[in-house]
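This report refers to the structure that appears directly beneath it.
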Amino acid sequence: MRSLTSKNRTRKLKSKKNALKVRVSHLNLPVGLKKGDSLALIRPATKIDKDKWEASIRDLRAAGYFVLVYPGSFREDTYFSASDDERAKEFDWAMREPAAKAVLCCRAGYGSMRMIARIRSSQIKKWRPKIIMGYSDITYLHAWIHNQLKWPSFHGPLMGFLNAIEISQSLGNLMDLAGKKREELWAEVEILNEGEASGNLYGGNLSLIQADGPAALPRRPMILAVEDVNEDWYRLDRMVWSLIQSGYGEYVKGIIVGTLEGCGKKDSENFGVKKFQESLKALSSGPIWWGGNFGHGLKVQRILALGLRVKMTKEKILHYLEPAVR
């Protein structure tokens, strides 16, 4: 008969073995969104027409949410929605505002990189995890948030381009992200490379993906999601080769390509999309999906929970292997 000490040791070993099966998120998760919550609407980059700004506030309220806007001064710049300092103050306010469950970007354009450079480490210490959603120029913010805060963030629509019905649908999609695990069928994609792959989901606008600096693409196994707008194929190809030359081929286990709205208008005949697709295959030998419903040219679109562990399957299913919110 085994001693009590031997039995206890066996129980401990079993407990450790079982513990390995439980996936614990490496991220600081925000609280999930629900109808009636308060949302902070921000302008981190290019200026937005006053009528569109006011319409976004009105439509968010009509969709059933409380809308919070920055109470400080916001003097319009010739290009940006305000000065770099004022936009940074707005962003800091949104991140600190205890009532705001989510921070939604009204418009992108250009300027997030300049704005976030004004944020100090003493400010960051006062922030708590929140849902942050946007795309295009907001790609830089997503990457910065992953690296500096270890939060997930959400690649999704900009509120300034949606009406009340589209806002309601988009935020409904955001609420659907709740739950420990989920899977999505990406029936719309064309498969350029077959296979299965797992990794953390990163990416956004290909032009904004960095190989260095505070918002650099992490060097860890990843599924890379990319989209872009109004770029020549050769320029997109150069961006991919920049990642290859920087050593990211070791880490990109699979690629999901969204919309490429208006791309290749000038060089479709002499360079062409095929060369760009060949370069994607040089970046990753894993699965490559082409034509996903996210990115420029779409209003209601798929929301990508960036930073989370995911798996691409041969059946065009994207499995989220950990929760996006708590």
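Where a number appears in this text, it was derived from the coordinates with a stated rule and is not lab data. Just so we're clear, the structure is a prediction, and the values are computed from it rather than from any experiment. Positions of Cβ are generated from backbone atoms using ideal geometry, with glycine treated the same way; all protein chains shown enter the neighbour counts.
Would you kindly calculate the mean projected area, averaged across all directions, of the convex hull enclosing the Cα atoms of the stretch 105-164, in square nanometres?
Approximately 4.3 nm², given one-decimal rounding.
On the principal axes of its Cα set, how long, how wide and how thick is the chain? Give whole Å, largest value first.
Computed over the Cα atoms, the extents are 82, 53, 37 Å.
Just need the relative contact order of the chain here, percent rounded to a whole number, with Cα pairs under 8 Å and 6+ apart.
Relative contact order, the chain: 20 percent.
Let's see if you can work this out: charge +1 on each Lys and Arg Cβ, -1 on each Asp and Glu Cβ, no other charges. What is the dipole magnitude of the chain about its Cα centre, in debye to the nearest 20?
So the dipole magnitude of the chain works out to roughly 2620 debye.
Residue 76 to residue 117: extension gain in nm, 0.36 nm per residue of separation minus the Cα-Cα distance?
Taking 0.36 nm per residue and subtracting the Cα distance, the gain is 12.8 nm.
Looking at the stretch 222-326, what % of its DSSP beta bridges pair antiparallel, to the nearest 5?
Antiparallel: roughly 25 percent of the beta bridges in the stretch 222-326.
State log₁₀ I(q)/I(0) for the stretch 123-251 at q = 0.11, 0.12, 0.17, 0.19 Å⁻¹ as given by the Debye formula over alpha-carbon point scatterers of equal weight, solvent excluded.
-0.47, -0.56, -1.14, -1.38
Net charge within 14 Å of residue 301 by Cβ-Cβ distance, Lys/Arg positive one each and Asp/Glu negative one each, not counting residue 301 itself?
Taking every Cβ under 14 Å from that of residue 301, the sum is -4.
Once you have the Cα-Cα distance between residue 183 and residue 211, take 0.36 nm times their residue separation minus that, and quote the gain in nm to one decimal.
Length gained, residue 183 through residue 211: 7.1 nm.
Hey, got the dipole for the stretch 38-175? About the Cα centre, +1 on K and R Cβ, -1 on D and E Cβ, debye to the nearest 20?
540 debye
In Å and from the alpha-carbon atoms only, list the Rg and Dmax of the stretch 220-326.
Final numbers for Rg and Dmax: 14.4, 50 Å.
State the Kirkwood hydrodynamic radius of the stretch 38-175 in Å, one decimal place, computed from all pairs of distinct Cα atoms.
Every distinct Cα pair counted, the radius reaches 14.8 Å.
For a protection proxy built on the mean count of beta-carbon atoms within 10 angstrom, sort 40-52, 243-255 highest first, please.
40-52, 243-255
With no solvent and one point on each alpha carbon, what is the Debye value of log10 I(q)/I(0) for the stretch 274-326 at q = 0.23 Å⁻¹?
Those come out to -1.13, one per q.
Which of the residue pairs 150/316; 101/253; 180/311 have a Cα-Cα distance greater than 22 Å in the structure shown?
Among 150/316; 101/253; 180/311, the Cα-Cα distance tops 22 Å for 150/316; 101/253.
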